[in-house]
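Novice: If you scroll down you'll find the structure; I have some questions about it.
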Amino acid sequence: MLRTIGFCPRARCTISTTGLVFDIDEAQAMVAQAFIRTELFTTYKYNTSLAMASIRSNSQQEDDDEEEEVVGTLECNTQISIPLDNLIECLMLFYGPGSGSSSGGGGGGIGVSSLHHGVDDLRGATTVELGFDGPGGDFQVLLEERGVISVCRLATFQAERAIDLDFSQSPVIQQLIIRSSWLQDAFNELDPTSDSISISISAHEPYFRIATVGNGGSTEMTYARDERVLDSYFCNEEVENRFKLGLVLRCRSALGMSEKTKVRVNRRGFLCLQFMVPTVTEQSFVNFVFAPLVAPDDDAQQ
């Protein structure tokens, strides 16, 4: 799941009582998030008192009123910046044919957890324990396989402010769920020379339309409102938006891992692709949010 967003060297990591969220952004127009929820761990501990100390230490230079606002907003979260490429390398140390992909263990600190994929017997499998002790501390990764132990410590940094692509700030006006294999086939047909991709969801035919225009001509895929193709469909407003094709294609790795994809568009024109990734315990999610391209006419009006 982390490799699906691994095209940026660093990621923000948000640790909370519900699990870990790794997110990256690119070109001020895309945010990608991988959710590692507590259900995917054999044991998980989040020390809220240390988390509060972390938040207060990060806001020492703020005024009292501003500090109170920050603590009240983030009291359940600890945010750090972490070298994502190095973390993925660490997790892949024992990867190979015959290696398991599960874990056990536990511990303390702000967020210490051990990741698993539902395997009951962990003998011979690769296990991983993750830990973070607080501001200025390292993000610790301990891997064990058949008695061989490797300990990695990754330097952490203060998390940078996220760009303003909060999809939840505006109401959803269009939504559908499509089998990921159908969407993957569509992406494979897109003209890579095109700068943008147009996506429209309508209450009338064509209900779902994806189109590009490039050097080789135009490509268009339309989908009928058939429960074998589209699920959980609604459209309150008929709007067509364009997005940067190069950014949208960043999600192909997550698309290939998922079974279904939830497509949502909000009133600001933001596109959210939520990929439902199957695990042994239950589904987990990788989210991509894209800001729309502004049409020349809209620019002139502004």
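Novice: By a straight-distance test (C-alpha under 29 Å), which lysines pair with LYS244 as possible cross-link partners, with residues fewer than eight away in the same chain excluded?
Specialist: Hits, sequence-local ones excluded: LYS260, LYS262.
Novice: Also, I was wondering about something else. In whole angstrom, how far apart do the alpha carbon centroids of segment 181-210 and segment 265-294 sit?
Specialist: If you average the Cα positions of each part, the centres end up 16 Å apart.
Novice: Then there is this: By average Cβ neighbour count within 10 Å, what is the ranking of 138-147, 174-183 from highest down? Before the final figure, lay out the partial values.
Specialist: Values: 138-147: 16.9, 174-183: 18.7.
Sorting 138-147, 174-183 by mean packing, highest first, produces 174-183, 138-147.
Novice: Per residue of segment 147-156, in order, report the coupling 6.51 cos²θ - 1.76 cosθ + 1.60 (Karplus, θ = phi - 60°) as ³J(HN,Hα) in whole Hz, putting x for Gly and Pro.
Specialist: Calculated HN-Hα couplings, in order: x, 8, 10, 10, 10, 10, 10, 9, 5, 10 Hz.
Novice: From the residues PHE288, MET257, SER218, which one has its Cα farthest along the dipole of segment 169-288 in the positive direction, the dipole being from +1 and -1 charges on Cβ of Lys/Arg and Asp/Glu about the Cα centre?
Specialist: Positive-end residue among those listed: PHE288.
Novice: Can I ask one more? Name the GluC sites (Glu not before Pro) in segment 169-277 that are in a loop by DSSP and that have at most 14 other C-beta atoms within 10 Å, would you? Display every interim value, and only then the final one.
Specialist: Values: sites: GLU189, GLU220, GLU227, GLU237, GLU238, GLU240, GLU259; in loops: GLU227, GLU237, GLU238, GLU259.
Counting only loop positions with at most 14 other Cβ atoms within 10 Å, the GluC sites (Glu not before Pro) in segment 169-277 are GLU227, GLU237, GLU238, GLU259.
Novice: How much length is gained on full extension from GLU160 to GLU205, taking 0.36 nm per residue of separation minus their Cα-Cα distance?
Specialist: Values: separation 45, 0.36 × 45 = 16.20 nm, distance 4.35 nm.
Fully extending the segment from GLU160 to GLU205 adds 11.8 nm.
Novice: Considering the alpha-carbon set of segment 122-273 alone, what are its Rg and its Dmax in angstrom?
Specialist: Here Rg and the maximum Cα pair distance are 20.9, 61 Å.
Any read-out appearing in this document is the output of simple, stated calculations on the displayed coordinates, not a laboratory observation. Just so you know, these numbers come straight off a predicted model, no measurement behind them. With ideal geometry, Cβ positions are generated from the backbone for all residues, glycine too; neighbour counts draw on all protein chains shown.
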